[in-house]
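These notes concern the structure reproduced below.
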Amino acid sequence: MEKTTKTAIVFGVLFFLTVAGFVVESGVQSNWWTVDVSIVEFEDYDPSFPDENGTVVAKLYKPVGASSSTPVPGVLAIHGYNNDKDVQRPHSIELSKRGIAVLAVDVLNHGDSDNVNRSTSNPTPFAALAYLKALDFVDETNIGVTGHSFGAINTYTIALADPTIKAIAPIAFGFEVPGSTIAFGISFYQIARAINPNLDILHVASWGEEFFRDANITIDQHVQNGLDALNSFLGISDAEYGETYGTFNSGATRVEMLKKTHPGQTHSRKSTVAITAFFLQSLSGYTEEQAYESINMGNTIYWLADLAGIISMAALIFSIVPLAFLLMNIKFFKEVAKPMPKYRESYAPKTGAWWIFGIVNASIGFVTYVFNTEYFYPDQANDVATWVFDGWMIGEFFWSRGIRIYTSMIGNSFLAFYVVNAGLMMLIVLVFWTFIYRPKRVGFYELGASYKIPDDELAEGQAKPKGWKVFGKTLLIALSLIGYMYLVTYGASFLNVEIRGPWAGLKVLTWARALEFILYYPGLLLFFIFNAGIWMFGMMRQKEYETEAKTIFIWWIKICIVMLSGLILTNLLQYVPMYLGLTGPWLNNWAFAPMNVLQLWATVPFAAGFYLILIIFYRKTGKIWLGSFIIPAIATWLLVGGYLMYPVPL
């Protein structure tokens, strides 16, 4: 079979998986198109901030049979800090499938909602609650609220402000956080019950919780603290997790304890079952037996949407490889495909030196991630942000001057990490080129960045390529690839889905987020030119092996080790001591917020995939540029797509 035909078949298969993935995602989300899922918008007005109001975007799940003549219960689902409406998708799918309407909201400054400057990054979505209650097919007297993380805090707030709420299901933190004393010997839950004695409460906690807990206490102590608070709240001495105390609609209380970390709570099957069964009992009048017969660990379907979304996203990202190859088969782009510079032992490090350089790079990655992504305010006790450049400083520098750019707190953390690492690598490249490469007559062609081919590598009769012409065509291919990805993502939006897994992935950008993309891209571009380009393929050039496949695989494994092991170490230090029962989330003791460690659960797998694509593009084009253009574009898209747009922590 002709090589071009094989490439076209590979592209076709990956494109099919992309489309099939988001179609299945849409089908699962709507219970195979029986639940009416739509995107809705409404205004959020806060009289305390008359100039800082905006449009809220939400996803509405309307069950079968819901109408003005047969209204159904409604649940408001609120995501947490740095998340979006689809993080609440698991129980939104399961509840709407079972006859409860759900409004999953993008809180202001998140997702597709507007960016505003109020006193908090996560304004309580009272407007969303009002919108839900006003729907003619929703029974406004039969409303529940659930929320994860900061959404849990907003759930508490709504319960205190609106005594008509029948049930709440906060997801996050130990029960002792809202269940312990907050003022005059009274806890939040006691206040909520005083305002509304019939309020049903489900609290979903997890043993590996990273937030609002003492970093020095073990998992067992953390679990016991929750039970102590539950005993105090109930006025008993033998409370247990997973038991319902009291009667529904007369003040039932239940606490679930998950063997999960903070971000794993929303997509836990146990959590989804507990939340769905709880609202079925509180809002739909099911008995406990009926509720757990309707929803149990064996009949949930939400995870299929996540799985299909992950397959769709992976297929779309990797489909740019065969698509790029097909483009380079077109006469206009043919000259972009070039052989790699010859492997020369005069500049390629020997095995021992290669690993020493790699260990140094991994160590730099660990140190810079811990310090440059620091998260708290610089005047906070024990905080090193007073002398270390970090993400907080970027947002604060502009917002304190009234310039509302670089608005992503997490984006700023990553930007600080990328820019610092790129700056260090630029210095290393300069030193090596000046004192080592230049005396050996090694130039940027050998390092994969220049098109100026040495005479001894020219074939007989071969003319030297016009570098800027090839460079321009390379850039045009990169623009074509990102344009293709965006068009496919735009197509998925017509089915009211994004191309994603549990957390925000590839999505259509609002105009505000498109501006942020332009601002963040250059910082990531520098990293992928110098760290994941000149250093990775030039200064750390590896030898060839017997076959192309073996060479790519070995290069990829070694690059992942030296580029990602420092970040993996960060995660291990955070969680291994906790899981061994020695302490809590260990890095919390460094004035280093768990929020940035959490990002690594997604960052490391994405980065591993990106490095594989970079290797393939380098070997196809002989240059770093195609990969260095397209990969930071995808990474920036992921960074600014759906997450928080607010430059300070809370």
Requested in this report: Given a cut-off of 21 Å, name the pairs among Lys452/Lys623; Lys3/Lys550; Lys440/Lys466; Lys338/Lys466; Lys59/Lys260; Lys334/Lys543 whose C-alpha atoms lie farther apart than that in the structure shown.
Outcome: Lys440/Lys466; Lys59/Lys260; Lys334/Lys543
Query raised in the report: Among Pro502, Phe537, Tyr343, which residue has its Cα positioned farthest towards the positive end of the charge dipole of the chain, with +1 placed on the Cβ of Lys and Arg, -1 on the Cβ of Asp and Glu, and the dipole taken about the Cα centre?
Result: Tyr343
Requested in this report: Could you work out how far the C-alpha centroid of region 222-254 sits from that of region 494-526, in angstrom?
Outcome: 42
Report summary line: With Gly264 itself left out, Lys, Arg at +1 and Asp, Glu at -1 over residues whose Cβ is under 11 Å from its Cβ give +2
Report task. Could you give the size of the charge dipole of the chain about its Cα centre, using +1 on the Cβ of each K and R and -1 on the Cβ of each D and E, expressed in debye and rounded to the nearest 20? Result -> 3280
Report summary line: For region 20-129, dividing by residue count, accessible area per residue (probe 1.4 Å) in Å² works out to 29
Query - Ellipticity estimate at 222 nm from DSSP helix runs (n ≥ 4, -39,500 (n - 2.57)) divided over the chain, nearest 500 - result: -15500 deg cm²/dmol
Query raised in the report: Placing +1 at every Lys and Arg Cβ and -1 at every Asp and Glu Cβ, with all other atoms neutral, what dipole size does region 390-538 have around its Cα centre, in debye to the nearest 20?
Result: 280
Report summary line: Checked against the positive end of the charge dipole of region 493-650 (+1 on Cβ of Lys and Arg, -1 on Cβ of Asp and Glu, about the Cα centre), the farthest of Cys560, Gly627, Gln599 is Gly627
Query raised in the report: Looking at (1) 39, 32, 26; (2) 48, 28, 22; (3) 59, 25, 18, which value of semi-axes √(5λ) of the Cα gyration tensor in Å comes from a calculation on the structure shown?
Result: (2)
Query raised in the report: Residues of region 496-558: accessible area per residue at 1.4 Å, in Å²?
Result: 38
Query raised in the report: Among rounded, prolate and oblate, which fits region 183-247 when a ≥ b ≥ c are the square roots of the eigenvalues of its C-alpha gyration tensor, a/c under 1.5 means rounded, and a/b larger than b/c means prolate?
Result: prolate
Report summary line: A correct Karplus calculation of ³J(HN,Hα) over region 75-86, with 6.51 cos²θ - 1.76 cosθ + 1.60, θ = phi - 60°, whole Hz and x for Gly and Pro, returns 10, 8, 10, 10, 6, x, 4, 6, 10, 8, 4, 6
Report task. Measure off, as a whole percent, the carbon and sulfur share of the 1.4 Å-probe accessible area of the chain, all protein chains present. Result -> 64
Report task. Mind pulling the angle between the C-alpha long axis of helix 269-283 and the longest principal axis of the chain? Nearest 10 degrees, somewhere in 0 to 90. Result -> 30
Report task. Taking H placed 1.01 Å from N in the peptide plane, check which residues at least 5 places from Val255 or on another chain put their amide H under 5 Å from its amide H. Result -> His203, Gly242, Glu243
Query raised in the report: Pairing the Cα long axis of helix 600-621 with the longest principal axis of the chain, what angle in degrees results, from 0 to 90 and rounded to the nearest 10?
Result: 20
Query raised in the report: Between region 391-433 and region 306-341, how many Å separate their Cα centres?
Result: 30
Report task. Collect residues whose amide H, placed 1.01 Å from N in the peptide plane, falls under 5 Å from the amide H of Gly54; neighbours closer than 5 in sequence don't count. Result -> Asp44
Query raised in the report: Which of the aspartates and glutamates could a cross-linker bridge to Lys507, judged by Cα under 15 Å and excluding same-chain residues fewer than eight apart?
Result: Glu25, Asp84, Asp86, Asp106, Asp112, Asp306, Glu498, Glu516
Query raised in the report: What is the packing order of peptides 74-86, 432-444, taking the mean over residues of other C-beta atoms within 10 Å and listing the highest first?
Result: 74-86, 432-444
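The values are calculated or read from the model by the stated rules, or taken from the named source; none is laboratory data. Please read these numbers as outputs of a predicted model, since none were measured by experiment. In this analysis, Cβ positions are derived from the backbone assuming ideal geometry, glycine residues included, and neighbour counts consider all displayed protein chains. In case anyone asks, the SASA skips ligands and DNA or RNA and just uses the protein heavy atoms, side chains included. Shrake-Rupley method; radii C 1.70, N 1.55, O 1.52, S 1.80 Å.
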